[in-house]
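**Student:** For reference, the structure I am asking about is given below.
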Amino acid sequence: MKNNKLWLASLSALIAIPSAVYVVPVNDHVEAAKVDENTSPEVVFKDVPSNNPYFEIINEMHRLGYISGYPDGTFKPTENISRKHVAALLSRVLPLESVREAKEFKDVPKTHLYYDSIQRVQRAGIMTGDQNGNFNPEASLTRAQIAKVIDLAFDLNVKSNNDFVDIPPTHWANEHVMAVYSNGVMTGYGEYFKPNEKVTRAQYAIFLYNTLNIENNDQTAPADPPLAQPIQGQLTYYSEAELRTTHAMAVTMYIMARQKVTMNEPGVVTDAELYFQDPGIAGELSEQNLLYLKRFVEKGSEIEQILDKWINGDFSDIVWDYIALVTIADADGAAGDLDVFVKKRTKEAEEYYINEVFGKEALKRHKEQY
């Protein structure tokens, strides 16, 4: 979408950037300069007062005709942005060029208020529907999904390939996240990007504003982000040097996998299973722990392939992953018919296991992540 770059450059030159606004956000919250108490800035939306950190930019985007509110005079800045509104704002901001044939969506009839906007972003190759032929206009979007949408819409160049801890090179959104981050469109939370966090209406307005003013952004990609560490008290049995060996890594991961597999009934957690589990030896199957192991796994190995699946939340082959890891760790001693005995735990059994072995905070993390 090279034409969008030309449009962006032209538009940026026309937009007068308010001098009181700093467009380099911290953790996606814009540090707007304090409003002069002697002035009376116009309050466009009653739920975005002049002391709101988003006030200046939201007002500017409204003045330019890019964003609008609700009939009751609100903007609802903290409400999650919907797919239909993402499509609408892109349609207002960009002269979207069609790159593929139009596709009708079952849940977006021609009478739908956002039909034209949705058709434009679909034909431009920016947004698509699901496997059932629906667009899901009311659904919200995550930070990773928004990064992809903005990157595709504005055809951004990646200025740096440094990675966030939770956006490794194998993550599907890695390139899109690097594009928006290195161009100052979106920021992170220290060494984390939080790809699965939902985006609010105010945040999306900020992201678009930053993209339109991309030449004024002062942002560099994270330089040598802090190394991922295990959850406190977990994964302490093997040293970092030992984790670089195939045996120690395989043992750690197959013990970790016991959170999801059992040799008993899938819905039963025995006292023996709980008794022999020690968080210090392995650890819960959490993003933080998996990213820690990612630092030491052998590149290109079968173990790394399994680890990458788990990092991306793919546990569809967990039984075979477990068997493979046991075999790698102890090829001579692994039972040839292990697949007969290993079963995947039920959701309820897994949650009970997590709570009993790792505690309530671990169960909370599990529910948030998976």
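The values are calculated or read from the model by the stated rules, or taken from the named source; none is laboratory data. As the structure is a prediction and not an experimental result, all values here were calculated from the model. Neighbour counts run over all protein chains shown; Cβ positions are idealised from the backbone, glycine included. SASA here: full protein model, heavy atoms, side chains in, ligands and nucleic acids out. Shrake-Rupley method; radii C 1.70, N 1.55, O 1.52, S 1.80 Å.
**Student:** So, R0 is 22 Å and r is the distance between the beta-carbons of Ser68 and Glu138; what FRET efficiency does that work out to, to 0.05?
**Tutor:** Computed FRET efficiency for Ser68 and Glu138 comes out at 0.80.
**Student:** How would you classify segment 224-299 from its alpha-carbon gyration tensor, with a ≥ b ≥ c the square roots of the eigenvalues: rounded for a/c under 1.5, else prolate if a/b is greater than b/c, otherwise oblate?
**Tutor:** Note, shape of segment 224-299 comes out prolate.
**Student:** For segment 272-327, rounded, prolate or oblate, judged on the Cα gyration tensor with a ≥ b ≥ c (square roots of eigenvalues), a/c < 1.5 rounded, else prolate if a/b > b/c?
**Tutor:** prolate
**Student:** Residue by residue through segment 171-183, which ³J(HN,Hα) values in whole Hz follow from phi under the Karplus form 6.51 cos²θ - 1.76 cosθ + 1.60 (θ = phi - 60°), with glycine and proline marked x?
**Tutor:** Result, rounded to whole Hz: 5, 4, 9, 3, 5, 5, 5, 4, 5, 6, 6, 5, 9.
**Student:** Next question. Among 106-116, 251-261, how do they line up from the highest to the lowest mean number of other beta-carbon atoms within 10 Å?
**Tutor:** By packing density, highest mean first, the sequence is 251-261, 106-116.
**Student:** Another question, then. Nothing charged except the Cβ atoms of Lys and Arg (+1) and of Asp and Glu (-1): what's the magnitude of the dipole of segment 177-302 about its Cα centre? Round to the nearest 20 debye.
**Tutor:** Details: 9 positive and 15 negative charges, 64 e Å.
Roughly 300 debye for segment 177-302.
**Student:** If each of Glu42 and Glu356 carries a label point 7 Å out from its Cα toward its Cβ, how far apart are those two points in nm?
**Tutor:** With each label placed 7 Å out from Cα toward Cβ, I get 6.5 nm.
**Student:** Another question about this same structure. Give me, ordered by chain and number, the residues 5 or more places off Gly184 or on other chains with an amide H under 5 Å from its own placed amide H.
**Tutor:** none
**Student:** Treating cross-link reach as a plain straight distance, find the lysines whose alpha-carbon is under 29 Å from the alpha-carbon of Lys364, omitting any fewer than eight places away in the same chain.
**Tutor:** Lys76, Lys148, Lys194, Lys198, Lys260, Lys294, Lys309, Lys343, Lys344, Lys347
**Student:** First measure r as the distance between the Cβ atoms of Phe341 and Asp107, then evaluate 1/(1 + (r/R0)^6) with R0 = 51 Å and state the FRET efficiency to the nearest 0.05.
**Tutor:** Once the sixth-power term is evaluated, E becomes 0.65.
**Student:** Okay, next question. Once phi is turned into θ = phi - 60°, what whole-Hz ³J(HN,Hα) does the Karplus curve with 6.51, -1.76 and 1.60 give for every residue of segment 317-328, x standing for Gly and Pro?
**Tutor:** Values per residue, Gly and Pro as x: 10, 4, 5, 6, 4, 4, 4, 4, 5, 4, 5, 5 Hz.
**Student:** Follow-up. Quick one: how many Å² of Glu197 are accessible to a 1.4 Å probe, rounded to 10?
**Tutor:** My reading of the accessible area for Glu197 is about 60 Å².
**Student:** Could you compute the net charge surrounding Pro169? Neighbours are other residues with a C-beta less than 14 Å from the C-beta of Pro169; K and R count +1, D and E count -1.
**Tutor:** For residues surrounding Pro169, the net value is -2.
**Student:** Please work out how much accessible surface Arg100 shows to a 1.4 Å probe, ignoring ligands, DNA and RNA, in Å² rounded to 10.
**Tutor:** Result for Arg100: roughly 90 Å² accessible.
**Student:** Counting only protein heavy atoms and using a 1.4 Å probe, what share of the accessible area of segment 125-178 belongs to carbon plus sulfur, as a whole percent? Intermediate results must be reported in sequence, preceding the final value.
**Tutor:** On the way: 880 of 2220 Å².
On segment 125-178, the fraction of accessible area on carbon and sulfur atoms equals 40 percent.
**Student:** Starting at the first residue of segment 234-244, write each ³J(HN,Hα) from the Karplus equation 6.51 cos²θ - 1.76 cosθ + 1.60 with θ = phi - 60°, in whole Hz, x for Gly and Pro.
**Tutor:** Rounded to whole hertz, the list is 10, 6, 9, 5, 9, 6, 4, 5, 5, 5, 6.
**Student:** Let me ask something else. Could you pull out every residue, at least 5 positions away or on a different chain, whose amide H is within less than 5 Å of the one on Val108? Hs are placed 1.01 Å off N in the peptide plane, and Pro or chain starts have none.
**Tutor:** For Val108, the qualifying residues are Phe135.
**Student:** Of the listed peptides 352-365, 201-214, what is their order by residue-averaged count of other C-beta atoms within 10 Å, with the highest listed first?
**Tutor:** Numbers: 352-365: 17.2, 201-214: 23.4.
Packing proxy ranking, top to bottom: 201-214, 352-365.
**Student:** Order the peptides 298-304, 45-51 from the highest to the lowest mean number of other Cβ atoms within 10 Å of their residues.
**Tutor:** Numbers: 298-304: 13.0, 45-51: 15.6.
Top to bottom by mean Cβ count within 10 Å: 45-51, 298-304.
**Student:** Just how large is the dipole of segment 280-370 about the Cα centre, in debye to the nearest 20, putting +1 at every Lys and Arg Cβ and -1 at every Asp and Glu Cβ? The partial results should precede the final answer.
**Tutor:** On the way: 12 positive and 19 negative charges, 81 e Å.
Charge dipole, segment 280-370, about its Cα centre: 400 debye, nearest 20.
**Student:** Also: Given a Förster distance of 22 Å, report the FRET efficiency between Gln277 and Gln305 from their Cβ-Cβ distance, rounded to the nearest 0.05.
**Tutor:** Details: r = 25 Å, r/R0 = 1.16.
Step by step, r from the Cβ atoms, then E = 0.30.
**Student:** Carbon and sulfur: what percent of segment 280-320's accessible surface (1.4 Å probe)?
**Tutor:** 47 percent
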